[in-house]
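Notes to accompany the following structure.
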Ligand SMILES: [Zn+2]
Ligand SMILES: [Zn+2]
């Protein structure tokens, strides 16, 4: 006699409450008598309801799992038991399965908020570092001046829909073995608005807005980076029916600089100097964002070392102050030597006792690694 409720819903005995609910919803949609009036299907629908009633209720499920029949104990109401009284606890689940949970009531508004818009703006490193003011052209929807956003031709106005009497929805009563079920759907004549616009505005075709090109002045704060978005509230599209405008986002794209590479708010560049300058020390002029400055190469500078110019980087977007400009030094060994240069160098090698250098060997690529590390940390 005992029905296998798990088999009815097609779930395993260890199915989670969520799996049970999902299986029920799927079957309910498939087998609902309104969808499928065939008597056999209706019988099957009753079965899945009974199964769900038991398996979705922890107490009844326990009784059932222990071999009892919770429905005959609880119901006691003869024939169609399992599906009387308590069975209607599932009613909201059934409605849920069909109509979704969010049922909105009443006519929907013709007025909606406009969409946000985004525009890409290219700036160079200087502008990013110090901030700037830019004029941009935007092409967005603005409110239609002819109808003031209402969508009706001048001198006319929207009229209450006679099909739904302004409610925006029409109801239908269906009889089923569950009793009378009232269902509502958006009014087909007014698309749920509750009103009809008999004479749409010729300028905007009833949309309440038109497209227009405007020029905006945007203040770019110092310290913006690639991908920074600046929000201009209410400068996006006006919504349908003259609804409030969305926001406009200006997304920053920084063009690459010919010398400086930006990492966060620090700038990096490489200077190549001759071996003699590295040994003797020198000052190399560099065009920084703040004008020409001398980079001080100290005597004995090694290839891969770096010289920081503090506070010559990009302004911190928050908190003020600026990053550093880090100059990485690359020492160039002279390639072609004429006779005189070679003689002098050999002389130097002799003086430094470097005619037969033994070299210093280290495991792996020590030299290269430490150079990369220095470059990355901006150490000098
Ligand atoms: Zn208009
Ligand atoms: Zn209507």
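All of the numbers you see were taken from the coordinates with simple rules; none came from a lab. Since the structure is predicted, the reported quantities are computational estimates derived from the model, not experimental observations. Cβ placement follows ideal geometry from the backbone for every residue including glycine, while neighbour counts extend to all protein chains displayed.
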Row for the range 119-179, column shape: gyration tensor on C-alpha, a ≥ b ≥ c, rounded if a/c < 1.5 i.e. under 1.5, prolate if a/b over b/c, else oblate; value oblate
Grab the Cα-Cα distance for residue 180 and residue 222, subtract it from 0.36 nm times how many residues apart they are, and report the gain in nm with one decimal. 8.4 nm
If you look at just the Cα atoms of the range 197-324, how large are its Rg and its Dmax in Å? 25.3, 89
Report the calculated FRET efficiency for residue 361 and residue 298 (r = Cβ-Cβ distance, R0 = 22 Å), to the nearest 0.05. 0.20
With the Cα gyration tensor of the range 254-373 giving a ≥ b ≥ c as the square roots of its eigenvalues, does the rule (a/c under 1.5 for rounded; else a/b larger than b/c for prolate; else oblate) give rounded, prolate or oblate? prolate
In what sequence do 269, 190 fall when counting other Cβ within 10 Å, fewest first? 269, 190
Where a ≥ b ≥ c are the square roots of the eigenvalues of the C-alpha gyration tensor, would you call the range 113-227 rounded, which needs a/c under 1.5, or, failing that, prolate if a/b is larger than b/c, or oblate? oblate
For 31, 317, what ranking results if the residue with the fewest other Cβ atoms within 10 Å of its Cβ goes first? 317, 31
A correct fewest-to-most ranking of 125, 55 by other Cβ atoms within 10 Å would be 125, 55
